[in-house]
Amino acid sequence: MIFLYKQNCLLYNNNGDSMTRDVDKFIEYLEVEKNYSNYTVLNYKKDIEEFIEFLGKECIDSFKDVDYKILRNYLNEMFNKKYSSKTISRHLSSLRTLFKYLSRENIIEFNPMVLISNPKEEKRLPVYLNYKELEDILEIPDTNTVIGLRDATILELLYSTGIRVGELVNIKIKDIDFSEKRIKILGKGNKERYVLFGDKCLHLLNRYLKESRVELSKKSCDYLFLNQRGTSISVRTTEQMVDNVVKKSSVKFNVSPHTLRHTFATHMLDNGADLNSVGELLGHSSLNTTAIYTHVSNERLRSVYLNCHPRARKR
C-alpha cells in the first residue's frame with residue numbers, strides 16, 4: 001500500500017485501484033493488439049508510471065478526473081525537471097496513446113490530450129563519427145576472445161546497416177540471408193524491411209557464429225546475439241558495451257548505438273547515396289526525418305570549403 005499526501009488530501013492507492021487495472025489492460029493492448037516490442041512497451045510503461053506518480057501528488061485516483069489543467073501542470077513539472085523537448089514529446093506521445101485507448105474503451109468521456117501540443121523541439125544536428133573516429137572504435141574489441149568477437153560484430157553490424165539497437169537485439173539467425181548479405185528487420189510500427197551489409201560484416205558474422213556464439217549458447221535460443229547466460233542480449237547491455245568500448249578509444253564525446261546509426265546515414269549521403277534509399281534502409285516513414293542528415297552533410301561541405309578555398313580561408 002502507498003499513501004500519498006497533499007495538504008489535507010489523503011489518497012489511498014494500491015495495486016487493485018482502477019488506474020492500475022486500466023494501465024494493465026492498456027499494456028496488454030500494446031503487447032497483443034499492437035504487437036509492440038518489449039522495449040517499446042517498457043518505455044510506455046515507464047512514462048505512464050511517472051505520470052501516475054504525479055497524479056498521486058495531485059490527489060487524482062482516476063483517469064476520469066484528469067483534465068487540461070492537470071496535464072498543463074504535468075507539462076510544467078517536466079519543464080522544471082529540465083527535460084529536453086524531445087523527452088517531453090515522448091512522454092506526451094505515450095499519454096496520447098493511453099488516453100486514446102481509454103476513450104475508445106469508454107473509460108473516459110473526454111480525451112484531454114487533444115488540447116495538449118508538443119513543445120517546439122530544439123533543432124540539433126545528429127552527432128556522428130568521422131572515419132578515423134569510427135575505425136578507432138571498431139578496432140577496440142579483442143576479436144580473439146568470445147565476448148570481444150561478439151562486441152566487434154555488434155559494432156560492425158550497427159554501422160554497416162544503420163539499424164536501431166532495439167532492432168539489433170531482436171534479430172534471429174533465420175532473419176539473415178547470408179548469400180544475399182541482407183537481414184529482415186522488424187522495425188517501428190511492426191513494419192518489416194530489409195537492410196544490407198558488406199563483406200567485412202559477413203566475415204565477422206561467420207566468425208561470431210562459429211567461434212563465439214557456440215561458446216555462449218547454453219540453451220536453445222533463436223536470437224543472433226547472446227549474453228553470457230546464453231539468452232538474447234538486452235538493449236541496456238548493448239548500450240553499456242558501446243559506452244565501455246568508447247571509453248577505451250581516443251573519442252572524447254558520448255557515443256551510443258544510435259550514434260552509429262547517425263554515422264551510417266551521414267557517410268552514405270557523403271558518398272553519393274540518395275535520400276530515398278537512405279530513408280528506406282533506416283526504416284523512416286517520412287523523408288522529412290531523413291532530411292536532417294542532409295544538413296549534416298551540408299555543414300561538412302561548408303567546413304571543407306572554408307578550410308580549403310584560398311579566398312574563403314580566414315586570415
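The values are calculated or read from the model by the stated rules, or taken from the named source; none is laboratory data. All figures in this text were calculated on a predicted structure; none of them were measured in a lab. Here Cβ is always computed from backbone atoms with ideal geometry, including for glycine, and neighbour counts include all displayed protein chains. Please note that ligands, DNA and RNA were not included when accessible areas were found on the heavy atoms of the full protein model with its side chains. Shrake-Rupley method; radii C 1.70, N 1.55, O 1.52, S 1.80 Å.
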For the chain, dividing by residue count, accessible area per residue (probe 1.4 Å) in Å² works out to 59 Å²
Sorting SER249, SER277 on solvent-accessible surface, 1.4 Å probe, most exposed first, gives SER277, SER249
The value for segment 34-113 (convex hull of the alpha-carbon atoms, volume per residue, Å³) is 92 Å³
Compactness check, segment 209-299: C-alpha Rg relative to the 2.2 N^0.38 Å globular estimate gives 1.40
With R₀ set to 22 angstrom, the calculated FRET efficiency between the beta-carbons of ILE292 and SER93, to the nearest 0.05, is 0.75
Order by accessible surface, 1.4 Å probe, largest leading, for residues ILE60, ILE292, ILE88 comes to ILE292, ILE60, ILE88
The set of residues whose placed amide H lies less than 5 Å from the amide H of ILE171, leaving out same-chain residues fewer than 5 positions away, is LEU224
So ASP270 and LEU306, fully extended at 0.36 nm per residue minus their Cα-Cα distance, gain in nm 11.2 nm
Residue separation between LYS184 and SER18 times 0.36 nm, minus their alpha-carbon distance, gives in nm 55.7 nm
Mean 1/r over distinct Cα pairs of segment 112-214, inverted to a Kirkwood Rh in Å, yields 15.8 Å
Reduced to Cα centres, the span from segment 25-59 to segment 223-282 in Å works out to 27 Å
Ranked output for segments 27-34, 137-144 by mean other Cβ atoms within 10 Å, highest leading, reads 137-144, 27-34
Checking rank on 41-52, 219-230, with mean other Cβ inside 10 Å and highest first, the result is 41-52, 219-230
With +1 at each Lys and Arg Cβ and -1 at each Asp and Glu Cβ, the charge dipole magnitude of the chain around its Cα centre, to the nearest 20 debye, comes out at 1020 debye
Summing -39500 (n - 2.57) over every DSSP H run of at least 4 residues in the chain and dividing by its residue count gives a helix-only mean residue ellipticity at 222 nm, to the nearest 500 deg cm²/dmol, of -16500 deg cm²/dmol
Gyration tensor on Cα atoms of segment 48-186, a ≥ b ≥ c root eigenvalues, a/c under 1.5 rounded, else prolate if a/b beats b/c, else oblate, says prolate
In the structure shown, of LYS46/LYS120; LYS34/LYS172; LYS25/LYS69; LYS81/LYS248; LYS57/LYS188; LYS132/LYS219, the pairs separated by more than 28 angstrom at the C-alpha atoms are LYS81/LYS248; LYS57/LYS188; LYS132/LYS219
hull vol. (C-alpha, convex hull) per residue for segment 230-280, Å³ -> 115 Å³
When all Cα-Cα pair distances of the chain are considered, the percent exceeding 36 Å is 33 percent
Those chymotrypsin sites (Phe, Trp or Tyr not before Pro) from segment 59-163 that are DSSP loop and have at most 15 other Cβ neighbours within 10 Å turn out to be PHE110
In the chain the accessible area split gives carbon plus sulfur, as whole percent at 1.4 Å, a share of 47 percent
With every protein chain in place, the accessible area of VAL114 for a 1.4 Å probe, in Å² rounded to the nearest 10, comes to 100 Å²
The simple spin-label model distance between PHE79 and THR237, using points 7 Å out along Cα→Cβ, in nm, is 4.2 nm
